[in-house]
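In what follows, a structure is listed as structure tokens, so that the remarks can point back to it.
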Amino acid sequence: MEHTLTTLPASRRPGCPFDPPKELIQAREHGPISRYTFPDGHEGWLVTGYDLARSVLADSRFSSRKELMRHHPLIDYGDIEVPPAPPGEFLLMDDPRHSRYRKPLVGKFTVRRMRLLTERVEQVTAEHLDAMEAAGPSADLVTAFARPIPSVIICELLGVPYEDRGFFQENIDKFLGGEVGDEELFAAYTATQRYLAELVAAKRANPTDDVLSDLTDTDLTDEELRGVALILLAAGFDTTANMLALGTFALLRNPEQLAALRADPGLTDGAVEELLRYLSVAKQFQRVALEDVELGGRTVKAGATVILSYNTANRDPERFADPHALDLRRQDGGHLAFGHGIHQCLGQQLARVEMRVAFPALFDRFPTLRLAVPAEEVPLRPEIADIYGVKSLPVTWDV
Ligand code: HEM
């Protein structure tokens, strides 16, 4: 019988902060694709199998266009019109519109370019560890470490002048962190947009050594550059911040894995990939079928919305042995945590550099780092948040 899910859960199971909700795991047990009835009544699909998710992501018959994304997986917005993505915000566009923006950016985010940033990431990490140590012996790891590090790095990449950092970081923290009310969120979003417009104008007048200045040398308009800057911020800050905080939480809850990582620095790269797979903080994205498509033996009709559950696909037992175990020595790589296909994460090499530097530096600096509250009391983000993670992570250490 066909498996149908009528609601997605709003939160995870108590005591299992790292596992996808059990309804999604059960859906995968029934098969790689299930029917999903959206809250507004739309009859769509949910893909939880690894191979099937990859095939959708590589298939141009499935669209990422914002104006087609009319159905929210958890909220009934009724029959709304959604406008196309504004110029520059290419995550929610298809080719060729998408590649107009992605192409000039690709060369700025290569493995080589990002490796050159390693030293700077080390400095920024050390500065934050110094401040944390000086204020200790306890801290909220989210505000002291996980959020500021990617925030400083993205500011530098975009070329935000040092004197504007405080204001800028405060606003992006509010509008991307999802921890403030609607009014404050809107004010922070507007302030960020206004600031980015000024920044683009300043870079055009006086180019400096950063990604945004480089882009002023292309045929992108100011409005497009502002959109690109916004998407880089939105995609690159909250994701990495949540990986750092949730990753630390997961390692503290798996002491034998953490001990292996401490004992063998050669394990770091593999550990980062395994944490990406195991946690999959960018937990799901959607696509819309542009025509009827056969998928896993079902016909997905033109116009149907397909939810791709990256976190469940990354726990697919047909792809990963013992998928629910965090195993830093795992050899079966190739996770979907950065997506796949034309929208595959542009900033993945940067995110890797940040995590490969930050995790070992944190555990080196604080050999006795531990949770300062019982694990069940660590506040988790609800499933409605686009990016999964912890709201705060109280930690302490011996001095
Ligand atoms: C661990 C951290 C990160 C994770 C887990 C992550 C995850 C993802 C995923 C899953 C996608 C694909 C979305 C889709 O399928 O529609 C994506 C796209 C993207 N990411 Fe990341 N990301 C991370 C860090 C970053 C960073 C540091 C940057 C840049 C500074 C960045 C920039 C982007 C951009 C620009 C896209 C859109 C690409 C396109 O549409 O062509 N990401 N990311």
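Computed from the coordinates by the stated procedures, all read-outs in this text should not be read as laboratory data. For clarity, every value in this text was computed on a predicted model and none was experimentally measured. Quick reminder, even Gly has a Cβ in these numbers, built from the backbone with ideal geometry, and neighbours come from all protein chains shown.
What ranking do Ser309, Ser11, Ser55 get, fewest neighbouring Cβ atoms within 10 angstrom at the top?
Least to most surrounded, the residues fall as Ser11, Ser55, Ser309.
Any idea what the dipole of the chain comes to, in debye rounded to 20, about its Cα centre with Lys/Arg Cβ at +1 and Asp/Glu Cβ at -1?
Numbers: 43 positive and 60 negative charges, 152 e Å.
For this selection, approximately 720 debye.
What is the fewest-to-most order of Val160, Val272, Val82 by other Cβ atoms lying within 10 Å of their Cβ?
Numbers: Val160 25, Val272 22, Val82 14.
Ascending number of Cβ neighbours within 10 Å: Val82, Val272, Val160.
With a/c under 1.5 counting as rounded, go ahead and sort the chain into rounded, prolate or oblate using the C-alpha gyration tensor (a ≥ b ≥ c being the square roots of the eigenvalues; past the cut-off, prolate if a/b is larger than b/c, else oblate).
Values: a/c = 1.63, a/b = 1.10, b/c = 1.48.
Oblate.
Binning every alpha carbon pair distance of segment 72-165 at 5 Å from zero, what are the percents per bin?
2, 10, 13, 14, 14, 14, 12, 10, 7, 3, 1
Only four residue types carry charge here, +1 at the Cβ of Lys and Arg and -1 at the Cβ of Asp and Glu. Report the dipole size of segment 1-127 about the Cα centre in Debye, rounded to the nearest 20. Intermediate values should be presented prior to the final figure.
Working: 19 positive and 18 negative charges, 152 e Å.
Here the size comes out at about 720 debye.
Calculate the tail of P(r) for segment 1-139: the fraction of all Cα-Cα distances greater than 27 Å, expressed in %.
On the way: 4857 of 9591 pairs.
Of all Cα-Cα distances in segment 1-139, 51 percent exceed 27 Å.
Multiply the residue gap between Ser11 and Glu198 by 0.36 nm, knock off their C-alpha separation, and tell me the result in nm, one decimal place.
Working: separation 187, 0.36 × 187 = 67.32 nm, distance 3.95 nm.
Additional length available on full extension: 63.4 nm.
How many lysine pairs in the chain, separated by 8 or more positions in sequence or lying on different chains, have Cα atoms less than 27 Å apart?
16
Label points 7 Å out from Cα along the Cβ direction at Thr299 and Arg356: separation in nm?
4.9
Any idea how far apart Ala131 and Lys66 come out in nm if each label point goes 7 Å out from Cα toward Cβ?
In this crude label model, Ala131 to Lys66 measures out at 3.2 nm.
Taking K and R as +1 and D and E as -1, what net charge do the other residues with C-beta under 11 Å from the C-beta of Gly78 add up to? Don't jump to the answer; show the numbers that get you there.
Details: positive: Arg70; negative: Asp40, Asp76, Asp79, Glu81.
Computed value for this residue: -3.
What shape does segment 121-186 have by the C-alpha gyration tensor, where a ≥ b ≥ c are the square roots of the eigenvalues, rounded means a/c under 1.5, and otherwise prolate means a/b greater than b/c and oblate the rest?
On the way: a/c = 2.49, a/b = 1.28, b/c = 1.95.
Here segment 121-186 falls in the oblate category.
For segment 266-321 and segment 200-222, write down the distance between their C-alpha centroids in whole Å.
If you average the Cα positions of each part, the centres end up 36 Å apart.
As a test of understanding, state the convex hull volume per residue of segment 121-261 from its alpha carbons, in Å³.
On the way: hull volume 18.8 nm³, N = 141.
So the per-residue Cα hull volume is 133 Å³.
Before anything else, pin down the relative contact order of segment 288-338: Cα pairs under 8 Å, at least 6 apart, normalised by residue count, whole percent.
Working: 41 pairs, mean separation 13.2, N = 51.
Computed over segment 288-338, the figure is 26 percent.
Once you place label points 7 Å from the Cα toward the Cβ at Asp222 and Val399, how far apart are they in nm?
5.1
To the nearest 0.05, what FRET efficiency results for Lys22 and Tyr77 with a Förster distance of 41 Å applied to their C-beta separation? Kindly include the intermediate steps, with their values, before the conclusion.
Numbers: r = 27 Å, r/R0 = 0.65.
Efficiency computed from Cβ-Cβ geometry: 0.95.
For segment 265-399, report the translational diffusion coefficient in µm²/s to the nearest whole number, using Stokes-Einstein at 37 °C, 0.692 mPa s, and a Kirkwood Rh over Cα pairs.
Working: Rh = 17.4 Å.
It diffuses with D of about 188 µm²/s by this estimate.
Could you tell me the convex hull volume per residue, in Å³, taken over the Cα atoms of segment 308-357? Walk me through the numbers before you get to the answer.
Numbers: hull volume 4.8 nm³, N = 50.
Dividing the Cα hull volume of segment 308-357 by its residues yields 96 Å³.
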